[in-house]
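**Q** Below is the structure I would like to discuss, written out as structure tokens.
Values in this text are rule-based calculations from the coordinates and carry no lab data. Please read these numbers as outputs of a predicted model, since none were measured by experiment. Cβ: placed from backbone, ideal geometry, glycine included. Neighbour counts: every protein chain shown.
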Amino acid sequence: MRRLSSLGAIFFLSTLLAACGATALNGKFTARNDQDIIDMDFNPDAKLVTLTNGEDETVSEYKIEKGLLYFDNIPTYNIVETDSNTFELYKIGIDGNPSEDVTFTLTKK
């Protein structure tokens with residue numbers, strides 16, 4: 001009976017870990033806060049994101065690991081999926097900790 005309980009715990013943790021690593025961004029999104037609107041176009045095959053803010057455009061490499069969104073190998077945001085088309089981004093500070101307040105809300109176009 002105890003072995004069955006341990007197997008259940010292992011299955012639960014494996015499922016939880018798989019779900020945590022399943023965040024994927026593909027296609028066009030809009031990042032918004034009170035002051036900025038940034039268009040983001042994620043290309044997972046090339047691992048590139050194009051950021052457009054007004055007339056300014058930047059292309060960066062990106063990856064998502066362990067709930068962190070990296071731009072050019074720098075952990076930039078803690079990413080939290082709120083539903084299938086919406087994410088909250090929390091800026092990672094120089095101390096390595098995410099802000100307590102949402103920096104951007106990212107929505108699928």
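**Q** Relative to the present Cα-Cα distance, how much length would full extension add between Asn26 and Lys91 at 0.36 nm per residue of separation?
**A** 21.4 nm
**Q** How many angstrom lie between the C-alpha centres of the range 77-109 and the range 23-70?
**A** Cα centroid to Cα centroid, the span is 12 Å.
**Q** Given labels modelled 7 Å from the Cα in the Cβ direction, how far is it in nm from Tyr70 to Thr50?
**A** 2.4 nm
**Q** Consider a paramagnetic label point 7 Å from the Cα of Asp39 along Cα→Cβ; state which residues of the range 63-84 have an amide N under 19 Å from it.
**A** none
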